[in-house]
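J.: First the structure, then my questions, so here it is.
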Amino acid sequence: MRIAIAADHNGVALKGRLIETLRADGHEVDDRGAHPGEELVDYPPLCEDVCRRVIDGRADRAIVVGGSGQGEVIACNKMPGIRAGLCPDVWHAEISRGNNDANVLVLGAKAIEPETAELVVATWLTTPFKGDVHARRVAMIETLEQGGSLL
């Protein structure tokens with residue numbers, strides 16, 4: 001799988017660990033920054049960058065690592081065509097993919113242990129979208145994203 005990955009200054013160390021694991025598992029990883037030594041990095045441009053790679057097909061999915069992940073998930077979900085999920089544990093990763101067909105995973109480096117983050121990533125990458133009633137709901141989300149109404 002082609003995975004674009006980015007992190008702000010809070011997530012650089014965890015991002016590095018995840019890149020090693022992902023590459024060892026055979027994934028093609030595109031490291032979009034930030035990099036060790038960068039003291040303060042704004043996350044919105046990083047979120048836009050990896051999300052655009054998913055939208056235009058240069059990446060199959062993306063991973064963003066921040067401090068809490070809260071700002072990152074908000075920024076990513078402003079991008080049309082992106083369904084980003086903040087996943088602090090395996091259960092959330094399963095729901096994010098299985099029910100919501102998330103194409104961007106957001107992790108909070110200050111809120112998750114590195115071993116748990118690796119399990120979350122592995123689960124998120126291997127959990128299939130369930131479709132059925134969930135596909136109907138994703139379609140409703142897309143309607144809202146395009147400015148439509150469900151009322």
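The values are calculated or read from the model by the stated rules, or taken from the named source; none is laboratory data. Not measured: the values here are computed from a predicted model. Note that each Cβ is placed from the backbone with ideal geometry, even for glycine, and that neighbours are counted across all protein chains shown. Side chains are part of the model used for accessible areas, which takes the heavy atoms of the whole protein and leaves out ligands, DNA and RNA. Shrake-Rupley method; radii C 1.70, N 1.55, O 1.52, S 1.80 Å.
J.: Name the residue, out of Ser68, Ser96, that is among the polar types (S, T, N, Q) and out of contact with any helix residue (DSSP H, G or I) (no Cβ under 9 Å at 6 or more places or on another chain). Reasoning before the result, please.
T.: On the way: Ser96 fails: out of contact with any helix residue (DSSP H, G or I) (no Cβ under 9 Å at 6 or more places or on another chain).
That would be Ser68, the only listed residue that is among the polar types (S, T, N, Q) and out of contact with any helix residue (DSSP H, G or I) (no Cβ under 9 Å at 6 or more places or on another chain).
J.: Those residues that are open to solvent by less than 80 Å² (accessible area, probe 1.4 Å) and either of a type in the set (S, T, N, Q) or over 13 Å from Ile63 (Cα atoms) (or both), I need them from segment 15-33; list them, please.
T.: Selection gives Thr21, Gly26.
J.: Hey, can you tell me all the residues within segment 38-77 that are open to solvent by less than 80 Å² (accessible area, probe 1.4 Å), more than 23 Å from Met1 (Cβ to Cβ) and assigned to a loop (DSSP other than H, G, I, E, B)?
T.: Passing the criteria: Val41, Gly67, Ser68.
J.: Continuing with the same structure: Tell me, yes or no, whether segment 107-114 has at least one residue that is touching a strand residue (DSSP E or B) at 6+ places or on another chain (Cβ under 7 Å) and either open to solvent by 20 Å² or more (accessible area, probe 1.4 Å) or not in a strand (DSSP E or B) (or both). If you could, list the steps in order and put the result at the bottom.
T.: Of segment 107-114, the ones touching a strand residue (DSSP E or B) at 6+ places or on another chain (Cβ under 7 Å) are 107-109.
Going one step further and asking which of them are either open to solvent by 20 Å² or more (accessible area, probe 1.4 Å) or not in a strand (DSSP E or B) (or both), we end up with 109.
Yes: segment 107-114 contains one or more residues that are touching a strand residue (DSSP E or B) at 6+ places or on another chain (Cβ under 7 Å) and either open to solvent by 20 Å² or more (accessible area, probe 1.4 Å) or not in a strand (DSSP E or B) (or both).
J.: I've got another one for you. Those residues that are closer than 24 Å to Met1 by Cα and open to solvent by less than 50 Å² (accessible area, probe 1.4 Å), I need them from segment 123-151; list them, please.
T.: Thr123, Trp124, Leu125, Thr127, Gly131, His134, Ala135, Val138, listed by residue number.
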